[in-house]
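Colleague: Quick one: this structure, given as structure tokens, is what I'll be asking you about.
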Amino acid sequence: MASRARLLAVFLMLAAMLTGCWSRIELNDLGIVLGMAVDVGEADAIRLTLAMPRPLPQQEKGGSPAVQEPVWVVAREAHNFTDALGFIRMASARRLVFHHLRVVLISEEYARKYGVGDVLDTLTTDQQIRLTVRPFVVEGRAQEVLETVPQLRSFQPTNLIGILHARGGAEWRLKNVMVARASETHTMWMPVVRVIQRPAMTDQSPPTAVELSGAALFRRDYLQRIVHQPEYQVLPWFVGNPAGATISAPCPDPDKGTFSATVLSGKVRIRPEMRDNQVAFRVEVTGQLNLVRSQCGLGKGEAPESRRVLEEAMADDLRVRVERFIATLQESGTDPVGFGKMAQLAFPTYFKNLHHRWLEEWQRAPVTVVARVIITQSGLSTAPAHPTERELQDQEKQH
């Protein structure tokens, strides 16, 4: 009797090993969401759009595979974010998963009208969504970005991340946005993209493309201002790495044209100080440059005097750019780069007495900017291969 019981136990163990996982979900039953877009709805408050890769079409025997779009873009409208997502789930033949979500696109209109608080709260409370998601603000409709055919990537969400990596500068993710949102000394910012028209090379060429166009500045949860070039070019000096960027400045004699340099390295130091019981700042900008092009008639900048003249001209131009960028921050009442943090570290008692009024104080704070650049090297080519029209005219006058 005991041997029979042992034999039965062995059979039961073998049977348990042959069974599969009762809660497993096949990959073919999952809809992998790569991109999300949020717009103001036409009939309701919010229009939510999701982008998911389609499964590869099956090839019939003796025939070619069916032609279909590689991405399924689906949108629904509702009074709130959660209901809109529920309507999309009802329309999907697969279970939606967000572990591989790459980008969240929020339209400029939505960010100004409703703010981004509800969207950020939903993203950070969903256990499937990672804090490495890249948030963007879109000039125009966010859904249109997901519907645009990418240029060098298979899917638009990965194409947008590729643009950020190729552009360099600040690596800004959802976790950085949430830290700034909870901070007393910083305000949020997000990169901005837009859809542009492009010339069609062939009949199959897509008529539009997506480009990185600027930065969105927030005060609390609401969009205040979008900055474009050249102000946007200054942002990586404060919150990222400006190496690789190309900047151009007028020649010491503006009638001769411009000269350009590539940033090898650059940094900004913010030094707070007290003036008449009010905080003030001294911003020191330093950079090392590679001279790549010049129309200034000073040779290749190899002579010490010529190089000094070009360095002073570039430093003056960089100083003006930084001053304009800081003026924009103060006018909009935003502080994405941490002037408040520097003031808090230097004068903790003063900052504590502000009682969350830092942004109002920041708008009145005097700021002095000084810039210094060093041209450490000259590129292989420091002038156009052919004379410009202005240079040809100057040559004719000389003769």
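Derivation of every value follows stated rules applied to the coordinates shown; laboratory data play no part. Keep in mind the model is a prediction, meaning the values are calculated, not measured. Quick reminder, even Gly has a Cβ in these numbers, built from the backbone with ideal geometry, and neighbours come from all protein chains shown.
Colleague: If I model a spin label at E211 and T368 as a point 7 Å from the Cα along the Cα→Cβ vector, what separation in nanometres do I get?
Modeller: Here the answer is 3.9 nm between the modelled labels.
Colleague: What does the charge add up to near R181, with Lys and Arg as +1, Asp and Glu as -1, over the other residues with Cβ less than 14 Å from its Cβ?
Modeller: Neighbour charge sum, excluding R181 itself: -1.
Colleague: Once you keep just the Cα pairs under 8 angstrom separated by 6 or more residues, what percentage relative contact order results for the stretch 93-209?
Modeller: With pairs under 8 Å counted, the relative contact order is 28 percent.
Colleague: Taking 8 Å as the Cα distance limit and 6 or more residues as the minimum spacing, I'd like the relative contact order of the stretch 136-280 as a percentage.
Modeller: It comes to 19 percent, rounded to a whole number.
Colleague: Mind checking which aspartates and glutamates have their C-alpha under 17 Å from K341, skipping anything on the same chain fewer than 8 residues away?
Modeller: List returned: E184, E273, E284, E360, E361.
Colleague: If contacts are Cα pairs under 8 angstrom and at least 6 residues apart, what is the relative contact order of the stretch 159-231 in percent?
Modeller: 25 percent
Colleague: Here is a follow-up. Where does the charge balance sit around D83 when Lys and Arg score +1, Asp and Glu -1, over other residues with C-beta under 11 Å from its C-beta?
Modeller: 0
Colleague: First measure r as the distance between the Cβ atoms of R130 and R220, then evaluate 1/(1 + (r/R0)^6) with R0 = 30 Å and state the FRET efficiency to the nearest 0.05.
Modeller: The computed FRET efficiency comes out at 0.75.
Colleague: Can you give the net charge of the other residues whose Cβ lies under 12 Å from the Cβ of N159, counting K and R as +1 and D and E as -1?
Modeller: Charge balance near N159 sits at +2.
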